[in-house]
Amino acid sequence: MGNRIRPLSAALALAISSGAFGQEPAAATPVLEDIVVSATRNRSLPAVDVLGSGEIESARAATQDAASLLREVPGVSLYTAGGLSSLPAIHGLADDRLRISVDGMDFIASCPNHMNPPLSYIDPSSIAKIKVYAGITPVSVGGDSIGGSIVVDTAEPKFAAPGQGLLTQGEVGTSYRSNNNAVAAHLSATAATENFSVSYSGAGSQADNYTAARNFKTTTATGRFGHTLPLDEVGSTAYESWTHLLGLAYRNDNHLFEAKVGYQDVPKQLYPNQRMDMLGNEQTRVNLRYLGRYDWGFLEARVFHEEVDHFMDFGADKKYWYYQGNPGYNGAPCNLADPKCAAGMPMYTASRTTGANVKAEIDLGKDDLLRVGALYQHYTLDDWWPASGAGMAPYTFQNINDGERDRLGVFGEWEKRLGTQWLTQVGVRYEIVGTDAGMVHGYNLATAPTVGTGGAMNQTRDAVNFNTADRSRTDHNWDLSALARYTVDETRDIEFGIARKVRSPNLYERYSWSTANMMALMSNFVGDGNGYIGNLDLKPETAYTASATFDWHAADRRWEARATPFITYVDDYIDAVRWDAATNTASADTAPGKYTVLKYANQSARLYGLDLSGRMPLGRTSFGEFGFKGLLNYTRGENRDTGGNLYNIMPLNAKLVLTHQSGGWNNAVEFVSVLGKHDVSDVRNEVETSGYNLTHLRASYAWQKVRVDFGVENLFDKYYQLPLGGAYTGQGTTMSITGTPWGVVVPGMGRSFYAGLNLKF
């Protein structure tokens, strides 16, 4: 890993010493705000959930995980992962099944455990706006996905007003959370003239393991010599992260040129539901953008490049020293010259992404709007595991060698108003997705596909089968969407639509080739403790979705209520079947109560459910204004081939929030209720979870330039299991399929106090 850039502490001190409480600068005039406001039409479809700076600012004191900001969005749930890397799910579809972009870039998780998903690369303090398309996703914001879309934007560049001179402004903040001693700090600063703008934002955070509300496991052993964990401590939940973003912008009349350069270093992010931990992840990205306004509409073009260097091994809470033939080995260092001794399991991943996209919005007339665009993305991936002991030597295991995934797509979308009450939108998108990978070998096999020194763990057989197969695949994917909104009157709208969306398999789903337990266990996106094998014959997933939103509201939107039923059928859904490594065929093993090895396989699925959300004022008194917000989500997921349940579907859940506002005070009491998860995936031996109820208290006070946030999460210190938390593999002998006990679910965090301070200058 390269040198770590950590100027944050010095920058924070400089910002404070420079007078954060000094004279407030004149208001900036962000030119892009003018362009975006002009381009955003009330007639546009669909209605989306937008988290603006207010919602984000009020939530970030309690979290460093950008994905967790989406908890307030109907239909969204979160897969538990590392402390900075939750995976959002929309209506039961998660991870690569969603299209997630950050400043117009489609990041790809470059890890066999998806420890570096797109939202992990952005700190909450840098986010200006999030748009969530949870229903029917238009083709203009979809592509290579079958679920919804999440669009994250950092702040638009700011420029000085005419005659203002040099504009300087910034923000500095810090936060603390008690349960896991989480500390975070961030800094942003801008200097701009009328035409040039330079900005910087940086953030750093670190945390220890968190604790549950009570003991949840039966052992304190970690497999590390002399290292134990209390029975209530959730092992492998600590993290450390440093993120930086530099922006340069130039504007000339109706044209904007912008460059953003980002760098992130994560020296540590441990995982309670994975057998490995992330012990190094560096991302560097360059994002160039042009935005122009013309008589006919708008044009946006973007070119970007990203590089990721990723490293995994066993963190501090997992067994590191292994001695073959002695599963009860005490974890003390052994002699690496001994062929039975192994030190960890180092795993490296390197990826490079180069892409470009262009979008235009063309006014065809008073009631017609056309959107067109094109996308290109070239992605390369290498995934290799050096031998960690003489028993594995002399070669490096190649999990994916010279992997490639290329996308080339175009779309067109037509929006038309029909009279005063109807608004319609139809779109079509076509993408070619090509994947390929080079020849591989195991720890025991060198170069030629049929030459080896043995067949331990079926490495020779599996490598030969993979190398002699045709590995190149080309998918031709068509997306279609049709939406309509009928405005009954000023208080009632009905929006409905249908869509066909297609996603091609990722490189790990197609090209992870080893059937051995140890290798398969190291490849797992969903945190269920099982091992996964790729499948060269996977077809793209094709989803057919129908959805409607019934919207009742006051004419001024002071109160509103929405109901969104949905149903999705997925052909060639990528699920899994149990696999027998000895025969290299599907296994008849159906024994519950253990971890197993599975192979990705196309089947079919059905998902359906209902989202309810609303808000209303309760009254105004001498103590301030009181209000109410609420949401309820229900999703059901079924495998149509087997009749079983899909994995990791959030059970029925609801949130009720009582709000209070008086002057600079904004306060809330949140009540969260989740039913037990009993519709579980049998093929994965998914563990059921119990229902629970939680209470959170939140408060903030804002002056002109200073904001203070504080609160308590899980006020009554309730013990609960995370329904999407996966299997607890946060400590112990995780390299072995039987080395950690089955049936323990990752628990939620016990009571935690938090506080945050934010200063503008």
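The values are calculated or read from the model by the stated rules, or taken from the named source; none is laboratory data. Predicted model only: the values in this text are computed from it and were never measured. No Cβ is skipped: glycine too gets one built from the backbone with ideal geometry, and neighbour counts run over all protein chains shown. To get the accessible areas, we keep the full protein, side chains included, count just its heavy atoms, and leave off ligands, DNA and RNA. Shrake-Rupley method; radii C 1.70, N 1.55, O 1.52, S 1.80 Å.
With the simple model of a label 7 Å out from the Cα in the direction of the Cβ, residue 358 to residue 219 spans 6.0 nm.
Computed with a 1.4 Å probe over protein heavy atoms only, the accessible surface of the chain comes to 39 Å² per residue. With all protein chains present, how much of the accessible area of the chain (probe radius 1.4 Å) comes from carbon and sulfur, to the nearest whole percent? Roughly 57 percent of what the probe reaches on the chain is carbon or sulfur.
Across all directions, the average projected area of the convex hull around the alpha carbons of the stretch 575-683 is 10.0 nm². Taking amide H positions as modeled 1.01 Å from N, with prolines and chain starts lacking one, the residues under 5 Å from residue 438 and 5 or more places away or on another chain are 401, 402, 403. Ranked from largest to smallest solvent-accessible area, with a 1.4 Å probe on the protein heavy atoms, 569, 754 come out as 569, 754.
When the helices in the chain are scored as -39500 (n - 2.57) per DSSP H run of 4 or longer and the sum is shared across all residues, what 222 nm value do you end up with, to the nearest 500 deg cm²/dmol? Can you show the working numbers first?
On the way: 6 runs with 45 residues, N = 761.
Helices in the chain give a 222 nm mean residue ellipticity of -1500 deg cm²/dmol.
Annotation: peptides 458-467, 149-158, ranked by per-residue average of other Cβ atoms within 10 Å with the highest first, follow the order 149-158, 458-467. The Cys residues in the chain with no partner Cys Cβ within less than 4.7 Å of their Cβ are 111.
How big is the Kirkwood radius of the stretch 272-431, worked out from every pair of different alpha carbons and given in Å to one decimal? It is 20.4 Å. Here each label is just a point 7 Å from Cα along the line to Cβ, and for residue 164 and residue 628 those points are 4.3 nm apart.
In terms of packing, defined here as the mean over residues of other Cβ atoms within 10 angstrom, the peptides 400-408, 312-320 line up highest first as 312-320, 400-408.
Rounded to whole Å and sorted largest first, what semi-axes of the equivalent ellipsoid does the C-alpha gyration tensor of the chain yield via the square root of 5 times each eigenvalue?
41, 30, 28
For the peptides 337-348, 555-566, 86-97, the ranking by mean Cβ contacts within 10 Å, running from highest to lowest, is 86-97, 337-348, 555-566.
From Cα pairs below 8 angstrom and at least 6 apart in sequence, can you work out the relative contact order of the chain, rounded to a whole percent?
RCO, the chain: 12 percent.
When restricted to Cα atoms, the stretch 509-632 yields an Rg and a Dmax of 23.4, 76 Å, respectively. In the stretch 328-365, which residues have a backbone nitrogen under 18 Å from the label point lying 7 Å from residue 738's Cα in the Cα-to-Cβ direction? Answer for this model: 328-330. For the residue pairs 217/594; 629/677; 260/359; 539/594; 131/416; 158/359, the C-alpha atoms sit more than 27 angstrom apart in 539/594.
Relative to the dominant Cα principal axis of the chain, helix 8-17 is inclined by about 30°.
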